[in-house]
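The next block holds one structure in the form of structure tokens; read it before the comments.
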């Protein structure tokens, strides 16, 4: 099951009721289109997963979502919900993407131990002696 970084309630709290309704009421009936909000949050989660997958612990999920990552999910979802995003929404989207890139580079922490790859086997190269030796090939080129 994919990690949920933010919920519709988080988006509503971030935007305030009026702005939330303006962005989420797709059919103009005066109520939020929760399908659109859920889709925007799912898209945000997929984007986040793509950047942090190498930073996740074994098992692939965070026990708790850091506050900065929750805000990134909210900002990505708001941008996705906006038909014509304002400059402020565009700026927040760009900052969210920068934070994800920084996390992928190891400049921003998730608050979990970084996974390491451990090899349980050893590689041993063995074979016949070389047919040509450097001392035998002088003057060939």
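The values are calculated or read from the model by the stated rules, or taken from the named source; none is laboratory data. Since this is a predicted model, take the numbers as computed values, not measurements. Note that we place each Cβ from the backbone using ideal geometry, even for glycine, and neighbour counts take in every protein chain shown.
Laid out as a table, the results:
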{"item": "Restricting segment 39-76 to residues that are exposed (fewer than 14 other Cβ atoms within 10 Å of the Cβ) and in a helix (DSSP H, G or I), the residue that is farthest from the chain's Cα centre (by Cα)", "result": "67"}
{"item": "Residue check for residue 120: modelled with pLDDT of 80 or more, out of contact with any strand residue (DSSP E or B) (no Cβ under 9 Å at 6 or more places or on another chain), loosely packed, with under 12 Cβ neighbours inside 10 Å and assigned to a loop (DSSP other than H, G, I, E, B)", "result": "no"}
{"item": "Residue check for residue 79: in contact with a helix residue (DSSP H, G or I) (Cβ under 7 Å, 6 or more places away or on another chain) and more than 17 Å from residue 9 (Cα to Cα)", "result": "no"}
{"item": "Any hit, segment 19-35, residues being out of contact with any helix residue (DSSP H, G or I) (no Cβ under 6 Å at 6 or more places or on another chain), buried (at least 17 other Cβ atoms within 10 Å of the Cβ), at pLDDT 85 or above and within 21 Å of residue 97 (Cβ to Cβ)", "result": "no"}
